[in-house]
Amino acid sequence: MSDLQSSVDSHEQSAAEQRLATPEGRLEFIKATLSCWLGTTMEYVDFALYGLATGLVFSKVFFPNVSPKIALLSSFATYSVGFLARPIGAIFFGRLGDRKGRKFVLVTTIALMGISTTLIGFIPSYATIGIWAPLILVMLRFVQGFGAGAELSGATVMLGEYAPPKRRGLIASIIGIGSNSGTLIASAVWLLVLMLDDEDVISWGWRIPFILSAVIAIAATLIRRHVRETPVFEQEQNELKQLQAQPQTVTSTQSPVDTPSSKTSFWARNKAFFVMLGLRIGENGPSYLAQGFVIGYVVESLQVSKTVATTAVFIASLLGFFVIPFAGWLSDRYGRRIVYRWFCFLLMLYAVPAYMFLETRDPFIVGSIIVIGMCLASLGIFGVQAAYGVELFGVRNRYSKMALAKELGGIISGGTASLVASALLKHYQTWWPIAIYFAAMAGIGFFTTFFAPETRGRDLNAVEDAI
């Protein structure tokens with residue numbers, strides 16, 4: 001048992017566990033869990049719908065007058081716009097979340113994502129309004145990313161702060177189940193859409209998943225409006241009020257709210273931020289290659305049937321309901337750091353054989369490779385990252401720091417992964433540079449774990465970062 005785990009402070013224990021000890025508290029926990037699950041489901045419905053549409057139809061709907069590879073590259077370029085907006089949303093909403101509360105922000109972000117995703121389903125094609133079609137797509141994609149920039153981190157913080165310390169890894173992994181649910185719903189709806197004739201899919205069928213996503217957004221928004229603030233944040237606010245009510249005996253130019261740390265160097269103050277950044281790169285880049293780029297690659301370049309890729313995503317999403325909580329449980333049992341390290345290592349081993357065997361074009365092999373890649377990169381490692389990220393940061397800046405680290409990591413890795421991989425494919429006309437790129441990003445996560453602390457069971461009301 002680590003020192004951090006054995007020294008869990010009564011502050012956080014009493015805040016989370018005492019609330020769970022009452023019927024009202026258990027009901028609040030259920031509502032919070034449901035709202036976080038639905039919100040993360042909405043976010044990943046957004047991005048899975050967009051990722052699948054990018055690989056399957058957007059090149060034809062919005063970029064019809066260029067070669068297939070250039071069209072695919074253009075489609076993934078619009079895909080990356082959402083990631084550029086995410087850190088802006090993380091900064092804006094993260095600070096609000098640390099000052100006004102987690103609930104306040106999460107109601108707003110789910111509404112932004114839901115509206116923008118639904119409106120994408122109503123954009124006329126390039127054939128109808130010309131260049132305005134991809135421009136509107138880019139604008140809505142930006143708004144979608146702006147809201148999503150604080151959604152995942154906010155939901156992760158809320159659920160982590162509701163969870164008792166000894167089961168935080170398992171409970172926080174529900175965020176991953178939400179992401180998996182979104183991917184599952186998106187791929188299931190796409191499987192139904194692809195039963196239509198190709199002409200119908202291109203002309204109107206692709207719009208159905210985007211429009212139907214409004215149902216999830218409405219449900220999540222309604223539930224979140226009635227969720228209580230997290231016990232950790234309430235405890236922190238009560239302590240701040242007590243501090244501010246006390247007479248000030250020492251003159252200071254800084255308030256107790258803004259000076260949680262005695263660290264002076266930039267690295268000392270931000271080490272946890274950079275550790276989270278490296279961990280995120282190791283997860284997010286391989287994840288988006290495994291479930292985003294590979295769809296367009298096997299369909300457009302290898303000419304494998306569209307149903308092979310979408311079926312594989314669907315199967316992996318089903319397996320995720322076991323893989324994600326199992327990974328969270330492993331991190332509770334053995335520690336966040338060692339489990340995260342092993343997932344990154346397995347991804348490094350996976351990269352070259354995976355892309356080599358995709359070239360067989362055999363439906364069973366291609367499908368299996370997609371399933372294995374998603375179980376490692378998009379599901380298992382994500383199940384560990386939820387609790388790890390929450391525990392790395394101190395209570396007063398947890399939301400803003402974690403959100404920004406995750407979204408910058410998303411831009412560096414996931415947001416540009418499909419674009420870089422498409423460019424590598426266009427330049428080299430072969431798979432091996434993509435495999436090296438995949439392994440390199442997983443390697444960044446692997447080496448970051450050697451600089452990361454073990455945080456299992458940490459007191460979430462601690463003001464200092466874990467490192």
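Across region 130-157, what is the number of residues that are surrounded by fewer than 19 Cβ atoms within 10 Å (Cβ to Cβ), under 18 Å from A53 (Cβ atoms) and free of Cβ contacts under 8 Å to residues at least 40 places away in the same chain?
3
For region 329-375, which residues satisfy the criterion of being within 13 Å of A442 (Cβ to Cβ), buried (at least 22 other Cβ atoms within 10 Å of the Cβ) and of a type in the set (A, V, I, L, M)?
Result: L347, A351, A354.
Tell me which residues, restricted to region 247-288, are at pLDDT below 90 and outside any loop (DSSP other than H, G, I, E, B). First the steps, then the outcome.
Step one: filter region 247-288 for residues at pLDDT below 90, giving 247-269, 288.
Answer for region 247-288, where residues must be at pLDDT below 90 and outside any loop (DSSP other than H, G, I, E, B): F266, W267, A268, R269, Y288.
Please give the number of the condition F326 fails out of (1) under 17 Å from the mean Cα position of the chain (by Cα); (2) of a type in the set (F, W, Y); (3) at pLDDT 90 or above.
The one condition F326 does not meet is (1).
For the structure I just gave you, tell me whether F314 is modelled with pLDDT under 95 and not β-branched (V, I, T).
Working: modelled with pLDDT under 95: yes; not β-branched (V, I, T): yes.
Judged against the criteria, F314 is a match.
Taking region 12-22, which residues are part of a helix (DSSP H, G or I) and not charged (D, E, K, R)?
Going residue by residue through region 12-22, those that are part of a helix (DSSP H, G or I) are 12-20.
Those that are part of a helix (DSSP H, G or I) and not charged (D, E, K, R): Q13, S14, A15, A16, Q18, L20.
Have a look at T128, T156 and point out the one that is out of contact with any Cys (no Cβ under 9 Å at 6 or more places or on another chain) and among the polar types (S, T, N, Q).
Numbers: T156 fails: out of contact with any Cys (no Cβ under 9 Å at 6 or more places or on another chain).
The conditions single out T128.
Going by the conditions given, is I444 surrounded by fewer than 18 Cβ atoms within 10 Å (Cβ to Cβ), touching a residue at least 24 places away in the same chain (Cβ under 8 Å) and among the β-branched types (V, I, T)? Please lay out each step first, then the result.
Values: surrounded by fewer than 18 Cβ atoms within 10 Å (Cβ to Cβ): no; touching a residue at least 24 places away in the same chain (Cβ under 8 Å): yes; among the β-branched types (V, I, T): yes.
Against the criterion (surrounded by fewer than 18 Cβ atoms within 10 Å (Cβ to Cβ), touching a residue at least 24 places away in the same chain (Cβ under 8 Å) and among the β-branched types (V, I, T)), I444 does not qualify.
Filter region 185-211 down to the residues that are touching a Gly at 6+ places or on another chain (Cβ under 9 Å), aromatic (F, W, Y) and assigned to a helix (DSSP H, G or I) and list them by number.
Hit for region 185-211 is F210, nothing else.
Could we say that A155 is modelled with pLDDT of 90 or more and among the small types (G, A, S) here? Spell out the reasoning first.
Working: modelled with pLDDT of 90 or more: yes; among the small types (G, A, S): yes.
So A155 passes the test.
Looking at (1) of a type in the set (A, V, I, L, M, F, W, C); (2) within 21 Å of the chain's Cα centre (by Cα); (3) modelled with pLDDT of 95 or more, find the lone condition where F450 falls short.
Unmet for F450, out of (1) of a type in the set (A, V, I, L, M, F, W, C); (2) within 21 Å of the chain's Cα centre (by Cα); (3) modelled with pLDDT of 95 or more: (2).
Criterion first (under 20 Å from the mean Cα position of the chain (by Cα) and surrounded by fewer than 20 Cβ atoms within 10 Å (Cβ to Cβ)) does I436 satisfy it? Spell out how you get there, then give the answer.
Working: under 20 Å from the mean Cα position of the chain (by Cα): no; surrounded by fewer than 20 Cβ atoms within 10 Å (Cβ to Cβ): yes.
In short, no.
Within the bounds of region 158-170, is there any residue that is charged (D, E, K, R), in a helix (DSSP H, G or I) and buried (at least 20 other Cβ atoms within 10 Å of the Cβ)?
Among the residues of region 158-170, at least one is charged (D, E, K, R), in a helix (DSSP H, G or I) and buried (at least 20 other Cβ atoms within 10 Å of the Cβ), which makes the answer yes.
Residue-by-condition table, conditions (1) in contact (Cβ under 8 Å) with a residue 40 or more places away in the chain; (2) within 17 Å of R341 (Cα to Cα); (3) out of contact with any Gly (no Cβ under 6 Å at 6 or more places or on another chain):
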| residue | (1), (2), (3) |
| --- | --- |
| K401 | yes, no, yes |
| E407 | yes, no, no |
| G415 | yes, no, yes |
| A440 | no, yes, yes |
| T449 | yes, yes, yes |
| R458 | yes, no, yes |
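For region 305-324, state whether one or more residues are polar (S, T, N, Q) and in a loop (DSSP other than H, G, I, E, B). So that I can check it myself, show each step before the final result.
Kept after step one, since they are polar (S, T, N, Q), are these residues of region 305-324: 305, 307, 310-311, 317.
Of the ones still in play, those that are also in a loop (DSSP other than H, G, I, E, B) are 305.
Looking for residues that are polar (S, T, N, Q) and in a loop (DSSP other than H, G, I, E, B), one finds at least one in region 305-324, hence yes.
Taking region 23-76, which residues are hydrophobic (A, V, I, L, M, F, W, C), surrounded by fewer than 24 Cβ atoms within 10 Å (Cβ to Cβ), assigned to a helix (DSSP H, G or I) and modelled with pLDDT under 70?
I70, A71, L73 - these are the residues of region 23-76 that are hydrophobic (A, V, I, L, M, F, W, C), surrounded by fewer than 24 Cβ atoms within 10 Å (Cβ to Cβ), assigned to a helix (DSSP H, G or I) and modelled with pLDDT under 70.
Restricted to region 77-92, and to residues that are under 27 Å from G292 (Cα atoms) and among the aromatic types (F, W, Y), which residue is modelled with the highest pLDDT? Give the steps one after another, and end with the answer.
The first filter runs over region 77-92 and keeps only residues under 27 Å from G292 (Cα atoms), leaving 77-91.
Those left that are additionally among the aromatic types (F, W, Y): 79, 83.
Numbers: Y79: 67, F83: 74.
Residue satisfying both the conditions and the ranking: F83.
The values are calculated or read from the model by the stated rules, or taken from the named source; none is laboratory data. A quick note: this is a predicted structure, and the numbers were derived from the prediction, not measured. Reconstructed Cβ throughout: ideal geometry from the backbone, glycine too, with neighbour counts over all protein chains shown.
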